1. Using Cα pairs closer than 8 Å and at least 6 residues apart in sequence, work out the relative contact order for the range 307-426, in percent.
2. Using a Gaussian network model of the chain whose springs link C-alpha atoms within less than 10 Å, name the residue from Gln11, Gln138, Gln96 with the highest mean-square fluctuation.
3. Could you give the length gained by full extension between Leu176 and Ala361, i.e. 0.36 nm per residue of separation minus their alpha carbon distance, to one decimal place?
4. With a 1.4 Å probe and every protein chain left in place, work out the accessible area per residue of the chain in Å², rounded to a whole number.
5. With +1 on each Lys and Arg Cβ and -1 on each Asp and Glu Cβ, and nothing else charged, work out how big the dipole of the range 1-121 is about its Cα centre, in Debye to the nearest 20.
6. Quick one: net charge around Gly289, please, counting Lys, Arg +1 and Asp, Glu -1 for every other residue with C-beta under 13 Å from its C-beta.
7. Give me the mean projected area, in nm² to one decimal, of the convex hull enclosing the Cα positions of the chain.
8. Apply the a/c threshold of 1.5 to the C-alpha gyration tensor of the range 1-86 and tell me whether it is rounded, prolate or oblate.
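The values are calculated or read from the model by the stated rules, or taken from the named source; none is laboratory data. Quick caveat: nothing in here was measured; it's all calculated off a predicted structure. Cβ sites come from the backbone with ideal geometry, for glycine too, and all protein chains shown count toward neighbours. What goes into the accessible areas is simple: the full protein's heavy atoms, side chains included, and nothing from ligands, DNA or RNA. Shrake-Rupley method; radii C 1.70, N 1.55, O 1.52, S 1.80 Å.
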Amino acid sequence: MTQCTCVVGLQWGDEAKGKIVDLLAEEHDIVVRFNGGANAGHTVVADGRVHKLSLIPTGILRSEVTSVIANGVVIYPPRFLEEVAQLEASGIIVGQRLLVSDRAHVIFPYHLEEEKAGAGCAAEVIGTTGRGVGPCYQDKVGRISAIRVAELLDADHLRRRLEEIVPRKNRLLQALGAGTSMFCAEELACEYAAYGERMRSYVADTVRYLHQALQQGRRILFEAAQGTLLDVDHGTYPFVTSSHSSAAGLWSGSGVPATRVGRIVGVVKAYSTRVGAGPFPTELDDAIGEKIRQTGREYGTVTGRPRRCGWFDAVAVRYAAAVSGATELAVMLLDVLSELEQVAIGVAYELDGERIDYMPATSVQLARCRPVLEWLPGWKRDLGSVRRPEDLPGAARRYLDRLSQLVGLPVRLASVGPDRRQTIRW
Ligand code: IMP
């Protein structure tokens, strides 16, 4: 058994990674989140209770596991504290089982305003989640206006930093025509120093913590938020998120070298979905797409937006599996396709009259791609109670075999319902 495992989405996010992380957490001591912020949404059903988490790793639902929010994450403190309070209200004791990196960056209200300010803003063009994630990462890379979690713990230092930053932000927001009243450095400094005090017991040097844990032989599970096709470098740029949401983000986002990770579970839906703008070759803008949306309850956990639905795109997933170094597949929501007479898989694209079997590098080209579909018979049987591979209907098995063959990875798990028990393993 490998000491470190990574769970990563191979589509455009929302692959139901939360359930896989929750299942694998049983075999690990530590669960680490290394990218993104409260733009992610995880729904996990455990013991009949539904838990919705955005920022805190789902590992928190297992009492023997320590959860780490690593340096690559951007944190909105009110959201973080709200999630801690929600967990504790449902009887989950967070205590010392949650660590937040002192190097993680902090989202401020001006980031939220920046995201929605002005015509042609990211919220409008890319269809971002409005959680201030992009503007916070912009500041991180720009360095001059960024604030890290460690800085919240020193009130005087924080006040001095905000006195420099806030006037710049106010000028920027004014220039963008933001309809907000201007921010006050003093008020923000008091508010965020108070958050810092409430977060103090969770803040740690998580890089050191993780390396010590590795030396002690503890098993670590990494969870990537969003999906590989939303990775800022490798996704369908510019219709992507601002972080490294492929497995590539693990190294920089946690300080643990990828050479330590022996198993990378690529999570896919049995079909495809996408929220927000951007090319989506196998999209179904018809009654079947609507049927998948209704059956799969395909509405965003964070924003409630209806998700765009389409057939499984083997070209895109094969590319994502390569970029993320996936070693196996977990196929989620197989049950959602159960009522369809026939199911299709995108096996290639047609680009400007030519058949191609790879993902073109630009979104402009991808938007011109038409899918080449391969049709397979549906299984027309409820799968919710299936627990063993041999009990799957032949047509469902053939569908999984074909996905596996096209992506070039073994399917090690299929999910047939939201509950932990509705899982088939090979
Ligand atoms: P941002 O991450 O809020 O900047 O949004 C950038 C793009 O990524 C938008 O298309 C969002 O809909 C998408 N996105 C961000 N987080 C998630 C997620 O957790 N699941 C699916 N899509 C996401």
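1. It rounds to 33 percent for the range 307-426.
2. Between Gln11, Gln138, Gln96, it is Gln96 that shows the largest mean-square fluctuation.
3. Details: separation 185, 0.36 × 185 = 66.60 nm, distance 3.15 nm.
My answer for the length gained is 63.4 nm.
4. 40 Å²
5. That gives a dipole near 60 debye.
6. With Lys, Arg at +1 and Asp, Glu at -1, the neighbours total 0.
7. So the mean shadow area of the Cα hull is 20.2 nm².
8. The shape class here is rounded.
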